[in-house]
Amino acid sequence: MKLKTTPFLTEVTGIGATHAGTCKNETEILVYSPYEHDSPTVHVCAAVITSIVGDTPLTSLLKEVDTSFAKSLNLSDPHFNKSGGIDILLGQDVLRAILKDGVVRSNKNELYAINTICGWVIGGTCDSITEAASAHISCHATTNSTVETNELLKSFWEAEEPPKASTLTEEEEQALTFFHTTCSRLQDGRYEVRVPKRTSVPDLGDSRKQALQRYTANKFSLQRKGNWSAFSTAVKEYSELGHAELVPAVNLSKPPVEVYYMPMHGVIKDSSTTTKLRVVFDASAATSTGVSLNDTLLPGPTNYPHLTHILTRFRLPKVGLSADVSKMFREVALHRDDRDLHRFLMEDDSGVIRDWRMTRLTFGVTCSPFLAVQVLRQLAEDYVDEFPEAAKAILSSFYVDDFLSGADTLEEATHLQQSLTELLSKAQMTLRKWRTNSNELRSLIPSHLLETEE
């Protein structure tokens, strides 16, 4: 149409929020009547886009379609019955300005005419159309959000910025305060914690019946897949390592409101170089009152760095280091008063199903990640004077149990690896699956602690 345009940036979207294009220019047009010189003129600022819609109507109307009702009308498009392109699409914002009084309906089909300052506009449907048109539905709608160039650039920069630290909620503050007032050290240096509980939730109901049903179903499923032996061995390891114990006889008579049985299942991870089968507890299983253990606990705040920060820093040093904490959750002791909320069922060596309870943090309990990471942070705080570099690394380079960092020289990297190992041993934790791009450093790490190459 060769209209003068000016720079204008806007996004155009359509049905289903689909992206229809980006307009970079706009133009100004005047809409007025070709039939009445004294009719009002409507000023429109139109965004310029390569293609508005396809040909409309989709196909030309057949000759037998009766359009005689419109013969005496001054039409905005005298060739409305022929398929053709669309030059301008007017929106709802100008509809009221161009409408005039008057609607004429055909008495032979569903066509009608609406009066506008541009002339009469034909709309509606008709049955007699070609087969090609009957296979399509044409629906056009666009919205454009005007975005000034500086605002658009600002949004791009904000999208690239790392997330800002968020203010803790009241419940997160409560969980953090509870940790600091209840966390303690055992004689061997291991940290012992209690689980933070919500102040007002409905009581727990019976959970043993469901746990028994789930246990039976899980055993049948794993036996059918040939994995029951591995699962049974993995669970028995809990008692062998002291991570679980039989429920004391005196505690077996506790009411359901004071105990919780966690259903469990096995997850096979073929890609793992250490533990192929992981035992997962379901602390979100509802009891007979509809309340689960996780419903009664505070999850705590996210207390580890954003992964983007860790990955960005990892690109800087010349010598890279990575490792993870072996059985991190299970290296944190669970206070005796909270153990009956972490019960589970498992057969003993004679095949009798017995009641067990965890003595360590449990994978599947909502507050376990928060408590385990907070223990690491407490460890760093307790030994910051003795191990300043390692303490700093704990606070900045651990994503839950995964460590990713490095140093500029082999000497610094070796010191970091050794000091981290020694610091975590203070809490009875072990860093394993070490990887590094330095062959010299790799040779200094015990072979059983290195990541195995498959």
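Pairs meeting the criteria (first residue in segment 339-352 and more than 20 Å from PRO196 (Cα to Cα) and touching a residue at least 60 places away in the same chain (Cβ under 8 Å), second residue charged (D, E, K, R) and open to solvent by 30 Å² or more (accessible area, probe 1.4 Å), beta carbons under 8 Å, at least 6 apart or on different chains) are LEU345/ARG208; LEU345/ARG354; MET346/LYS236; MET346/ARG354; GLU347/ARG354. When LEU395, LEU379 are screened for being open to solvent by 50 Å² or more (accessible area, probe 1.4 Å) and closer than 19 Å to PHE179 by Cα, only LEU395 passes. Take THR302 and tell me if it is at pLDDT 95 or above, touching a Ser or Thr at 6+ places or on another chain (Cβ under 9 Å) and open to solvent by 20 Å² or more (accessible area, probe 1.4 Å). Answer is no for this residue.
Contact map, segment 247-266: first residue assigned to a helix (DSSP H, G or I), second residue open to solvent by 40 Å² or more (accessible area, probe 1.4 Å) and among the β-branched types (Val, Ile, Thr), Cβ cut-off under 9 Å, separation 6 or more or different chains; pairs are PRO256/THR289; VAL257/THR289. Just one of the listed residues (LYS327, LYS236) is within 22 Å of ALA217 (Cβ to Cβ), of a type in the set (D, E, K, R) and surrounded by 14 or more Cβ atoms within 10 Å (Cβ to Cβ), and it is LYS236. If you check ALA407, ALA427 for being touching a residue at least 12 places away in the same chain (Cβ under 8 Å) and touching a Ser or Thr at 6+ places or on another chain (Cβ under 9 Å), only one passes: ALA407.
For segment 394-433, a residue qualifies if it is in a helix (DSSP H, G or I), over 22 Å from HIS306 (Cβ atoms) and either at pLDDT below 95 or not hydrophobic (A, V, I, L, M, F, W, C) (or both), and the qualifying residues are GLU411, GLU412, THR414, HIS415, GLN417, GLN418, SER419, THR421, GLU422, SER425. Scanning segment 64-91 for residues that are out of contact with any helix residue (DSSP H, G or I) (no Cβ under 8 Å at 6 or more places or on another chain), aliphatic (A, V, I, L, M) and open to solvent by less than 70 Å² (accessible area, probe 1.4 Å) returns VAL65, ALA70, LEU73, LEU75, ILE86. Of all residues in segment 73-109, those satisfying the criterion of being of a type in the set (A, V, I, L, M), more than 18 Å from VAL44 (Cα to Cα) and either without any contact (Cβ under 8 Å) to a residue 24 or more places away in the chain or not in a loop (DSSP other than H, G, I, E, B) (or both) are LEU75, VAL103, VAL104.
Candidates in segment 313-324 are the residues that are open to solvent by 20 Å² or more (accessible area, probe 1.4 Å) and within 11 Å of SER397 (Cβ to Cβ); of these, the one that is modelled with the highest pLDDT is SER322.
For ILE310, which of the numbered conditions (1) touching a Phe, Trp or Tyr at 6+ places or on another chain (Cβ under 6 Å); (2) assigned to a strand (DSSP E or B) fails to hold? (2) is the only condition that ILE310 fails.
As for segment 248-259, it holds at least one residue that is of a type outside the set (Lys, Arg), closer than 21 Å to LEU297 by Cβ and under 33 Å from the mean Cα position of the chain (by Cα). Screening the candidates GLU245, GLU258, GLU237 for the property of being closer than 30 Å to LEU449 by Cβ, of a type in the set (D, E, K, R) and modelled with pLDDT of 95 or more yields one hit, GLU245. Considering every residue within segment 188-208, establish whether at least one is without any contact (Cβ under 8 Å) to a residue 40 or more places away in the chain, exposed (fewer than 14 other Cβ atoms within 10 Å of the Cβ) and more than 22 Å from THR366 (Cβ to Cβ). The answer is no, given that none of the residues of segment 188-208 is without any contact (Cβ under 8 Å) to a residue 40 or more places away in the chain, exposed (fewer than 14 other Cβ atoms within 10 Å of the Cβ) and more than 22 Å from THR366 (Cβ to Cβ). Across segment 92-147, the qualifying residues are those that are small (Gly, Ala, Ser) and surrounded by 15 or more Cβ atoms within 10 Å (Cβ to Cβ), and the one among them that is modelled with the lowest pLDDT is ALA133.
Rundown of residues vs (1) touching a Pro at 6+ places or on another chain (Cβ under 9 Å); (2) within 30 Å of SER292 (Cα to Cα), yes/no style:
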{"residue": "ARG339", "(1), (2)": "no, yes"}
{"residue": "GLY364", "(1), (2)": "no, yes"}
{"residue": "PHE370", "(1), (2)": "yes, yes"}
{"residue": "GLU381", "(1), (2)": "no, no"}
{"residue": "ALA390", "(1), (2)": "no, no"}
{"residue": "VAL400", "(1), (2)": "yes, yes"}
{"residue": "SER405", "(1), (2)": "yes, no"}
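Specify the residue that is nearest to LEU416 (Cα to Cα); the eligible residues are those in segment 329-349 that are outside any helix (DSSP H, G or I) and modelled with pLDDT of 95 or more. Filtering segment 329-349 for residues that are outside any helix (DSSP H, G or I) and modelled with pLDDT of 95 or more, the one nearest to LEU416 (Cα to Cα) comes out as VAL332.
The values are calculated or read from the model by the stated rules, or taken from the named source; none is laboratory data. Everything quoted here is computed from the prediction, not taken from an experiment. Glycine gets a Cβ as well: all are built from the backbone with ideal geometry, and neighbour counts include every protein chain shown. Note: accessible area is taken over every heavy atom of the protein model, side chains too, but ligands, DNA and RNA are not part of it. Shrake-Rupley method; radii C 1.70, N 1.55, O 1.52, S 1.80 Å.
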